[in-house]
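Novice: Quick one: this structure, given as C-alpha cells, is what I'll be asking you about.
The values are calculated or read from the model by the stated rules, or taken from the named source; none is laboratory data. Predicted model, so just to flag it, every value in this text is computed and none were measured. Neighbour counts are summed over all protein chains in view; Cβ atoms, including those assigned to glycine, are modelled from backbone coordinates with ideal geometry. What goes into the accessible areas is simple: the full protein's heavy atoms, side chains included, and nothing from ligands, DNA or RNA. Shrake-Rupley method; radii C 1.70, N 1.55, O 1.52, S 1.80 Å.
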Amino acid sequence: ASDTVVADGDALAEVLATDPVLDRTTLAERTGWATGRVASALAALATAGQVGYDLASAAHYHRPLPYRADLVATLHPRLAAARLLATAGTVTPTANGIEVTSGERTYLVHRKGTGFACTCAWWARHQGGRGPCKHVVAATIVGHGAWDR
C-alpha cells in the first residue's frame, strides 16, 4: 500500500506541473481518483517537498524541489512506521473507523470534525499538535476508499 501512495504521488506530480494552484476536487476529476486518494498523494508529495500549502489562499501549490524518496523514511520515522503497519496487513476498515493493530494492541482511527483521531497514547498526549500518529498515517495510506464512504 505504501508503494501505491508513492506511485500515486509520482503520477500526480506529472499532472501538477501545469497548475499553479491545486484543488483536490479538480485533481480527483482529472485523475479519476477518489478525493481521499488525491489527498494521500498530495500528502506524499508534501512530505517530499513537492507540494506546499498556502494558508492565505487555503490552497495547495506545486513547488518542485530535488526529491529522493529513499530519504523520506529516514527523515520521517512515523511515516516509516506507518508504512510498515500498512504493508503488514494490520489496517482494517470497520463501521466505526479504521482499526490498526500495532504490536499486541489494536487502535481505532476515526473521523473527528474535518480531521482524524486515534485511541493511542500518542494521540491522547498530543491531540494532533505534533502531527498525526503512525496509526492515522497508516489508515490514510491504506484507507483511500474507506474514508470516502
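Novice: Does R125 satisfy the criteria of being assigned to a helix (DSSP H, G or I) and open to solvent by 70 Å² or more (accessible area, probe 1.4 Å)?
Specialist: yes
Novice: Mind listing whichever residues of the range 23-46 are closer than 14 Å to D8 by Cα, part of a loop (DSSP other than H, G, I, E, B) and in contact (Cβ under 8 Å) with a residue 12 or more places away in the chain?
Specialist: Within the range 23-46, W33, A34 meet the criteria.
Novice: Now, a different point. Can we say G129 is within 14 Å of the chain's Cα centre (by Cα), at pLDDT below 85 and not acidic (D, E)?
Specialist: In short, no.
Novice: Which of (1) out of contact with any strand residue (DSSP E or B) (no Cβ under 9 Å at 6 or more places or on another chain); (2) open to solvent by 40 Å² or more (accessible area, probe 1.4 Å); (3) small (G, A, S) is the odd one out, the single condition A43 does not satisfy?
Specialist: (1)
Novice: Here's a follow-up. Which condition number in (1) open to solvent by less than 70 Å² (accessible area, probe 1.4 Å); (2) assigned to a loop (DSSP other than H, G, I, E, B); (3) at pLDDT below 75 is the one that G49 fails?
Specialist: Looking at each condition in turn, G49 falls short on (3).
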